[in-house]
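*Asks:* Below is the structure I would like to discuss, written out as structure tokens.
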Amino acid sequence: MTAAGHRLDLRCPDDRELATTIERLVDDKVASRVQARDASLWGPDAESEAAKRLAWVSLHEESRPLVDEIETLRQEKASRGLDHVVLCGMGGSSLAPEVICATAGVELTVLDSSDPDYVRAAIADRLERSIVVVSSKSGGTVETDSQRRAYEQAFRDAGLDPADHLVVVTDPGSPLHEQSRESGYRVFAADPEVGGRYSALTAFGLVPSGLAGADIGRLLDEAAALAPALADDSTDNPGLQLGALVGVANRAGADKMVLVDADTPIVGFGDWAEQLIAESTGKLGKGVLPVVVDSTAATNFDPNTPDEVLVSIGSGSPLDTVTPSSGFGASVDAPLGGQMLLWEYAVVVAGRLLGINPFDQPDVESAKEAARGQLGGGGDSPDPVFTDGSIAVYATEGLLDGGARTVDAAVESLLGRLDGERGYLAVMAYLDRAADASLSEVREPLAARTGRPTTFGWGPRFLHSTGQYHKGGPSTGVYLQITGDPIEDLAVPGREFTFGEFIAAQAVGDGQVLADAGRPVLRLHLTERGAGLEQVQRALR
């Protein structure tokens with residue numbers, strides 16, 4: 001470890017090109033200009049957005065007053081028997097608190113789903129002891145609004161005052177901000193000049209984590225220790241080094257990044273980094289696709305392909321025994337707060353090298369609009385191509401023209417569209433990620449079967465993450481959706497749709513946007529959750 005508390009080991013097949021790129025970044029004073037919030041770094045098209053998205057560089061200082069404020073609230077709630085923290089939020093509002101709390105070993109229930117069975121189970125768990133943190137930057141996130149409505153109704157039905165239990169985090173002036181103040185809820189106004197995926201050290205990351213018992217002061221200390229090195233125009237700057245590696249690798253065709261934990265106390269870092277990397281870079285037909293794997297023995301890390309950069313998080317050194325086929329790799333070791341700030345710098349540096357705006361997400365809204373169209377009756381209601389057992393099969397036009405009439409054959413047709421040199425497979429499961437957790441295990445056999453980078457994401461969670469890359473990144477993916485009828489649907493209070501209808505609309509809407517962009521999509525819909533899940537797992541393994 002260095003004095004700043006980090007270690008970075010880079011692998012590049014052309015050390016001179018990497019060094020030259022880092023030197024150019026130093027000469028252009030990129031690090032100090034990021035620190036100074038220079039919005040011109042990413043070109044004129046990005047300047048207006050970047051001008052209001054750079055406050056994250058000093059959060060390790062500016063978020064300090066929150067530490068005592070949150071601890072005081074935690075003690076106040078605990079004195080009244082409220083000690084079970086639930087977080088209703090999507091994307092950047094939930095991913096950072098999840099890894100912060102998992103790493104700290106404290107319990108946090110993350111409700112980032114529209115699946116009615118998942119929502120119902122969360123509400124039924126220790127309701128009378130629950131502190132429900134409702135987090136939405138815009139104040140209008142439909143998933144979070146629906147979850148808030150369901151909790152409010154549940155509290156009232158139980159004879160409890162929602163104002164005693166709800167805590168709100170949102171941008172000042174948002175619809176949620178005004179409404180929550182009127183309802184008597186405790187409201188934390190977050191910094192409006194920080195984008196969602198850069199918000200780990202704002203109230204979005206700190207409020208739920210601190211209420212759950214994580215040491216958020218220490219998290220800020222860890223970021224503060226590394227901050228001077230990241231703001232320094234020096235070839236030793238780890239943010240410049242890592243960002244340069246990503247940029248050089250991307251130019252060489254290594255546009256996927258395989259992330260794995262290796263001897264680190266940090267839990268689940270890849271799930272947080274996935275959104276930061278994919279949503280920041282995946283646009284204009286460019287980008288970096290994160291592939292999160294659970295061990296260094298997992299397919300895509302070992303063995304790996306020539307279009308992958310191998311990255312390990314922690315003190316382990318798997319690159320001493322696993323050789324990246326591309327020649328590109330990195331081992332990054334730092335405590336969690338330092339890791340988060342380091343990767344934020346590295347991603348915006350890579351964005352400059354890729355020629356994209358790392359602060360917008362132009363293709364995320366398209367899926368939201370399509371889902372709204374489905375709910376409003378404005379979208380087509382697709383018919384299955386065929387039904388096999390407990391699975392109804394849907395596909396984009398032409399995908400099953402070979403006459404497939406079984407799930408196995410349909411999967412083969414989709415995988416047959418996979419480019420053997422540049423392609424990737426994305427598995428997207430719109431199910432209950434607690435009860436159906438075993439489904440995530442299909443990633444490994446599918447990666448081994450195809451020999452290609454393979455990702456697994458829970459919907460609608462991934463729509464705020466890799467969903468941007470799917471639609472805005474290179475057109476090299478094939479997409480497998482897994483949906484299902486809920487065991488029991490759940491009404492959204494005050495809305496004309498149910499949670500079941502909402503998650504179905506999100507899946508169909510996203511599939512339609514992908515299809516309109518020419519991406520092949522296969523959807524396997526479980527008409528009977530238990531039997532269908534077993535059938536689809538057999539087919540994919």
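*Asks:* Just checking, does the stretch 83-103 include any residue being part of a helix (DSSP H, G or I) and either in the same structural domain as ARG495 (by TED's automatic domain parsing) or among the aromatic types (Phe, Trp, Tyr) (or both)?
*Replies:* The answer is no, given that none of the residues of the stretch 83-103 is part of a helix (DSSP H, G or I) and either in the same structural domain as ARG495 (by TED's automatic domain parsing) or among the aromatic types (Phe, Trp, Tyr) (or both).
*Asks:* Out of the residues in the stretch 196-232 that are small (Gly, Ala, Ser) and under 19 Å from GLY243 (Cα atoms), which is surrounded by the most Cβ atoms within 10 Å (Cβ to Cβ)? First the steps, then the outcome.
*Replies:* Of the residues in the stretch 196-232, the ones small (Gly, Ala, Ser) are 196, 199-200, 203, 205, 209-210, 212-214, 217, 223-225, 227, 229, 231.
Narrowing the set further to residues that are under 19 Å from GLY243 (Cα atoms) leaves 223, 227, 229, 231.
On the way: ALA223: 29, ALA227: 22, ALA229: 23, ALA231: 19.
Selected residue: ALA223.
*Asks:* Being among the polar types (S, T, N, Q) and within 30 Å of ARG529 (Cα to Cα) is the filter here; which residues of the stretch 98-134 pass it?
*Replies:* THR109, SER113, SER114, SER130 - these are the residues of the stretch 98-134 that are among the polar types (S, T, N, Q) and within 30 Å of ARG529 (Cα to Cα).
*Asks:* What are the pairs with Cβ atoms under 8 angstrom where one residue, in the stretch 216-239, is without any contact (Cβ under 8 Å) to a residue 40 or more places away in the chain and the other, located anywhere, is in a helix (DSSP H, G or I)? Sequence gap at least six, or different chains.
*Replies:* Note: pairs meeting the criteria are ASP236/ALA229.
*Asks:* Another question about this same structure. When only residues in the stretch 4-30 that are within 31 Å of the chain's Cα centre (by Cα) and farther than 24 Å from ALA254 by Cβ count, which is modelled with the highest pLDDT?
*Replies:* LYS29
*Asks:* To continue, here is another question. Under 9 Å between Cβ atoms, at least 6 apart or on separate chains: pull out the pairs that start in the stretch 362-373 with a residue that is farther than 18 Å from THR144 by Cβ and end on any residue that is hydrophobic (A, V, I, L, M, F, W, C) and in a helix (DSSP H, G or I).
*Replies:* Every condition considered, the pairs that remain are ASP363/VAL513; SER366/VAL513; ALA370/ALA505; ALA370/VAL508; ALA370/VAL513; GLY373/ALA505.
Quick grid of which residues meet (1) more than 11 Å from LEU206 (Cβ to Cβ); (2) out of contact with any strand residue (DSSP E or B) (no Cβ under 6 Å at 6 or more places or on another chain); (3) touching a residue at least 60 places away in the same chain (Cβ under 8 Å):
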residue	(1), (2), (3)
VAL57	yes, yes, yes
GLU61	yes, yes, yes
ARG64	no, yes, yes
THR72	yes, yes, no
GLN75	yes, yes, no
ALA78	yes, yes, no
LEU82	yes, no, yes
CYS88	yes, no, yes
SER93	yes, no, yes
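*Asks:* Would you be able to say whether some residue in the stretch 253-274 is more than 19 Å from LEU310 (Cβ to Cβ), free of Cβ contacts under 8 Å to residues at least 12 places away in the same chain and either out of contact with any strand residue (DSSP E or B) (no Cβ under 6 Å at 6 or more places or on another chain) or surrounded by fewer than 24 Cβ atoms within 10 Å (Cβ to Cβ) (or both)?
*Replies:* Looking through the stretch 253-274, none of the residues is more than 19 Å from LEU310 (Cβ to Cβ), free of Cβ contacts under 8 Å to residues at least 12 places away in the same chain and either out of contact with any strand residue (DSSP E or B) (no Cβ under 6 Å at 6 or more places or on another chain) or surrounded by fewer than 24 Cβ atoms within 10 Å (Cβ to Cβ) (or both).
*Asks:* Another one. GLU178 is checked against (1) part of a helix (DSSP H, G or I); (2) acidic (Asp, Glu); (3) modelled with pLDDT of 95 or more and fails just one. What number does that condition carry?
*Replies:* Of everything listed in (1) part of a helix (DSSP H, G or I); (2) acidic (Asp, Glu); (3) modelled with pLDDT of 95 or more, GLU178 misses just condition (3).
*Asks:* Moving on. Looking only at the stretch 111-141, how many residues end up being touching a Leu at 6+ places or on another chain (Cβ under 9 Å), touching a residue at least 40 places away in the same chain (Cβ under 8 Å) and of a type in the set (A, V, I, L, M)?
*Replies:* Qualifying residue count, the stretch 111-141: 5.
The values are calculated or read from the model by the stated rules, or taken from the named source; none is laboratory data. Just so it is clear, the model here is predicted, and its values are computed rather than measured. Note that each Cβ is placed from the backbone with ideal geometry, even for glycine, and that neighbours are counted across all protein chains shown.
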